[in-house]
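In what follows, a single structure is set out as structure tokens and then discussed.
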Amino acid sequence: MEIAAGAVPSLSQCRSRLCTAQPHPILALTQLPAKPPGNMETHLPGKFILCFTLIRTTCTKPALCIYFSFSDFALPTSHSTLNGQKTSKSARDSFSACNSKYLTVPHNRSSWHSNGTSGALEASVVSYRSSIINNYMEGTLAGARDKASPSGLHFRDSKRKVDYVLVYHYRRSLARQVPGSASLEPRRGSPSVALVLNGGARKGQAQPLQQQDHGQCVLPEWPGLPGLELVELSPLDALEEERRLQREEYERNLLEAGLEIEKDPENKSQGLSFVRIHAPWQVLSREAELLKIKMPTKKMYEITEEKGILKTLNEIWCKLTEPLQPQVPQQENTKMKTLSYPFSREKIYLYNIKDKDTFFDNATRSRIVREILKRTSTKARSSMGIGTLSKHVYDAAYPLHDGEYEGQNDENERKLLYQEWARYGVFYKFQPIDLIRKYFGEKIGLYFAWLGLYTEFLIPSSVVGIIVFLYGCITIESDIPSKEMCDQHNAFTMCPLCDKFCDYWNLSSACATARASHLFDNPATVFFSIFMALWATMFLEQWKRLQMRLSYFWDLTGLEEEEEHPRPEYETKLLQKKMKNKNIMTENSNENKREKLTWSDRLPGYAANFGLILFMVMLTFAAVFGVIVYRITTAAALSFSTNETTRSNVRVTVTATAVIINLVVVLILDEIYGAVAKWLTEIEIPKTEKTFEERLILKAFLLKFVNSYASIFYVAFFKGRFVGRPGRYVYVFEGYRMEECAPGGCLMELCIQLSIIMLGKQLIQNNLFEIGIPKLKKLFRKLKDERTEVKEMDTNQSKDPQQWDLDYILEPFTGLTPEYMEMIIQFGFVTLFVASFPLAPVFALLNNIIEVRLDAKKFVTELRRPDTVREKDIGIWYNILSGIGKLSVIINAFVIAVTSDFIPRLMYQYAYSQNGTMHGFINHTLSYFNVSQLKAGTQPENSLFAQEVSFCRFKDYREPPWSPHQYEFSKQYWAVLSARLAFVILFQNLVMFLSVLVDWMIPDIPKDISEQIKKEKTVLVDFFLKEEHEKLKLIESFIARDKQKRRSGSKSRKTRAASFSQCHHSPKGSFTSFSSQHTVV
């Protein structure tokens, strides 16, 4: 090239000013197309880069990329669209070799001209520009967006669908003060050349750099290269340039993978740019075959229906629930099912392909594109697919929603889901699970199917819980222990609740607490605990059956575990390990051995996990202990009050305020633990996304389980157990006695604690946070974009925002872990301590009716469309549910035996009562204490009791003061303790046996589904045999036809030979015969 040849000597002189060269420097000259920075693309039609690699020098800048622009190239203003055009490997490698620290800018200096290079350069520029922005040409800039698809779901040709969108912020890196103006403008005007580097000049330069406006260091003029400037680039601009190069390389790689790209011109100083991606049929069919996606074939077979009474009951149920069914399109013939088979291009004739554009639905198309994005990488920073690039180079990557959900626009699946599912007004309707699965994918469809089944199962448990509560209300008047406690004539004088400032008190003053305790502490509670244990087992068994039914109808049966791509963080860590070990590797090392991270590489992460999880658990216990100290100190402080009303309501005040404080602590720690669990999982460096998700779930569940239930466990099993006795109380901080249970027992306090925490978490965390936080994030993002974006006239902006603009404003989807987690914690509240709060299923049911529609509205209106994921089950969540169900049996057994008075009442009635009734039970559970044995300084001051008190009573089974073994545990204590342990063992084994029996009686796979799966396999084999048989017949017919042609051909050859033998008689006839033979051949 003429310019290159003339520029080399001058550039050699230029290089000597920048670097201290060796005696014989070698320069490598490379020409390649490049996209200019700034606004040049709209002004300069022709451009290229010269990359000079200084090989044998000591220069700190090994490559100089000089940007040349030619004003006299007459390129066409419009070009045909080029899709999927590959860039040559040599140009791509050369481009990667060019150091991204240097970029080129035009400057208002004298321009260079060339006469011999326009043809070749024009072809190179057009090829490169069209391959990257294959639907935008410079000549069509003005009305580009005006010609966009009305629906906002297609390219500008209104034919190709937008399957995926990448979004990034761009920023013009170079600007200068235009002489005579007061504002920064992009560099425009006469094309020239400038050399830009990231950093200052080295020592030994022949000419010092001169300081220009805005801190740009320039060389006034280099010999041999008039018009060449040296511009120093700021670190921020260098980072922006590096990101731009990564984006261009990544998009070129996507084009090589077969995808088609459309993007808007960057015609502002900074702003958002959307890269729209379309997958053509060739790419879809290739990837569907690789991913083994099941697609419908032409074959349909009949589904065997249930017969007998089950069919009749099913028909009756369908008629009764017809008003509750959502009005969504259903399959025309529900008795027939389409046979599905993994897609294969070789067997494409088997599939029911009516239209290639609609054969793969939008969810499948976006899933295929996502897989390509995940495995396409760039050389820069060793980025491993979109997982790494979305954190630094691109701001977002998401598939598009199917249009708007409101307004008078065309009907689409998103709008249908909003009308029939995502509104609170349709709370009474069933969920359109099939449509949810089609729109969001199998993983999200399974979540809503599980949530719907769980909500349905809460209905019978709520009914039974209400019956148990009503039983307590009805029998409260006939409860003998409550009557004895409320009887004023019994006059049980109780020991003081605190030292010195608390007086003796009558047991009848706690009448209201005793009567309220009976609502939850009655014989029906035991039955309800057994019922809920069996309920949990039946729920899990029914879910397995429903999951299998959905797997059959959603073609998930036989779904193979796909080999997942390693996470970008894992590959980055592995690359760092390889680079670290590169210097110590020997030549004899086994290069074929694939490296992986070992336990020693993960040891720091495991150690940090163990230490921090232990610290978080101890922090939870410390928070519980802090609330205990608050209760003790506040009760003591309120006991000093001179107000009689305050002293009489000490227990109520302390309990209510402590529970509210505990709820606030639980909510705060929940948010902290969620973030900590994610960080701990990241430093473990799991290999795949599935492993990452499972480990994250286990950590988050452990921390949130301890946080939610620690205070409840304390009240249920520890409060009041370590108080001591009068005269020998247990103290904390040398002045405060350990707190005791209420006179009616700790079950009532457990009920209060459980109800407030459960309702508070559901109302505040599950509802208010889910509604408020996404709206606040959306508002914050909008304000941030408006604040950072420069107010400029955007010629690329249309009147109505496109779908990708609307979806970008929405909140990104972060996974189903928070949704599952809140329901799992609620499941624990419903099952673990249900013996103390039979109304828990009722409040859970009311919450879930709102929760289903709240989650639905969030997914449809407030979140970007998630990537579809094929899953055949709910994964590790089922194991957690099963574990909670088994743990609930043990906990409820201990709650009934230890926390409630069920066992002491049972023992008294059948072992100690004189007449087999409950009369005298209160007196039997109270022990005597001689007040003269109280420690000095702990006796009540200014006692209001008129009569002198000799003995006070306290709740425990101890020997009286007149016994030889005074104040030691009595025989009744050991008898009751033995009965409690026996009840725990009996209850646990009985319920476990019944659970196993229910599990055995209910098959995991419905009988009709197992028969249909077998039938489907048979139909599939027959279908393939029939197709192969028809193919074989077709081949045989071709062979027979070919043989017939050969026979007829041999006869014609004999005839032509006979006619050819007479050619010497007639030259004309000879010519005719020869022509005839040639024509037949």
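The values are calculated or read from the model by the stated rules, or taken from the named source; none is laboratory data. The structure displayed is predicted, hence computed values, not measured ones. Cβ: placed from backbone, ideal geometry, glycine included. Neighbour counts: every protein chain shown. SASA here: full protein model, heavy atoms, side chains in, ligands and nucleic acids out. Shrake-Rupley method; radii C 1.70, N 1.55, O 1.52, S 1.80 Å.
The table below lists the values:
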read-out	value
Extreme residue, nearest to the chain's Cα centre (by Cα), among residues of the stretch 865-897 that are surrounded by fewer than 21 Cβ atoms within 10 Å (Cβ to Cβ), part of a loop (DSSP other than H, G, I, E, B) and at negative phi	869
Condition check for residue 426: over 21 Å from residue 547 (Cα atoms), β-branched (Val, Ile, Thr), modelled with pLDDT of 90 or more and surrounded by fewer than 19 Cβ atoms within 10 Å (Cβ to Cβ)	no
The stretch 661-674, residues that are of a type outside the set (Val, Ile, Thr), modelled with pLDDT of 90 or more and open to solvent by 50 Å² or more (accessible area, probe 1.4 Å)	none
Residue ID - modelled with the lowest pLDDT, chosen from residues in the stretch 680-697 that are basic (Lys, Arg) and under 14 Å from the mean Cα position of the chain (by Cα)	690
Any chance residue 900 is of a type outside the set (A, V, I, L, M) and open to solvent by less than 20 Å² (accessible area, probe 1.4 Å)	yes
Criterion violated by residue 428 - all others in (1) over 21 Å from residue 542 (Cα atoms); (2) of a type outside the set (Lys, Arg); (3) assigned to a helix (DSSP H, G or I) satisfied	(3)
Where a residue in the stretch 959-973 is of a type in the set (A, V, I, L, M, F, W, C) and its partner, wherever it lies, is open to solvent by less than 80 Å² (accessible area, probe 1.4 Å), with Cβ under 7 Å and at least six apart	969/957; 969/958
Meets criteria (open to solvent by less than 10 Å² (accessible area, probe 1.4 Å), touching a residue at least 12 places away in the same chain (Cβ under 8 Å) and of a type in the set (A, V, I, L, M, F, W, C)) for residue 843	no
Hits in the stretch 388-423 (condition: open to solvent by 40 Å² or more (accessible area, probe 1.4 Å) and aromatic (Phe, Trp, Tyr))	405
Qualifying residue in the stretch 494-502 (condition: open to solvent by less than 20 Å² (accessible area, probe 1.4 Å) and farther than 30 Å from residue 737 by Cβ)	no
Residues within the stretch 306-332 that are modelled with pLDDT of 80 or more and part of a loop (DSSP other than H, G, I, E, B), tallied	6
Flag for residue 605 being more than 30 Å from residue 938 (Cα to Cα), of a type in the set (Gly, Ala, Ser) and modelled with pLDDT of 90 or more	no
In the stretch 702-727, residue surrounded by the most Cβ atoms within 10 Å (Cβ to Cβ) [restricted to those that are over 44 Å from the mean Cα position of the chain (by Cα) and in contact (Cβ under 8 Å) with a residue 24 or more places away in the chain]	726
When residues of the stretch 554-572 are limited to those that are surrounded by fewer than 16 Cβ atoms within 10 Å (Cβ to Cβ) and not small (Gly, Ala, Ser), the one modelled with the highest pLDDT	564
Some residue of the stretch 929-936 being open to solvent by less than 30 Å² (accessible area, probe 1.4 Å) and more than 30 Å from residue 641 (Cα to Cα)	no
Unique match (being at pLDDT 90 or above, of a type in the set (Gly, Ala, Ser) and out of contact with any helix residue (DSSP H, G or I) (no Cβ under 7 Å at 6 or more places or on another chain)) among 390, 377, 366	366
Boolean, residue 835 is among the hydrophobic types (A, V, I, L, M, F, W, C), surrounded by 15 or more Cβ atoms within 10 Å (Cβ to Cβ) and modelled with pLDDT of 90 or more	no
Condition met for residue 537 (at pLDDT below 85 and of a type in the set (S, T, N, Q))	no
Of all residues in the stretch 690-747 being of a type in the set (Val, Ile, Thr) and part of a helix (DSSP H, G or I), the one that is nearest to residue 502 (Cα to Cα)	715
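Condition check ((1) of a type in the set (Lys, Arg); (2) open to solvent by less than 80 Å² (accessible area, probe 1.4 Å); (3) assigned to a helix (DSSP H, G or I)) across all residues:
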site	(1), (2), (3)
962	no, no, no
967	no, yes, no
977	no, yes, yes
981	no, no, yes
986	no, no, yes
998	no, yes, yes
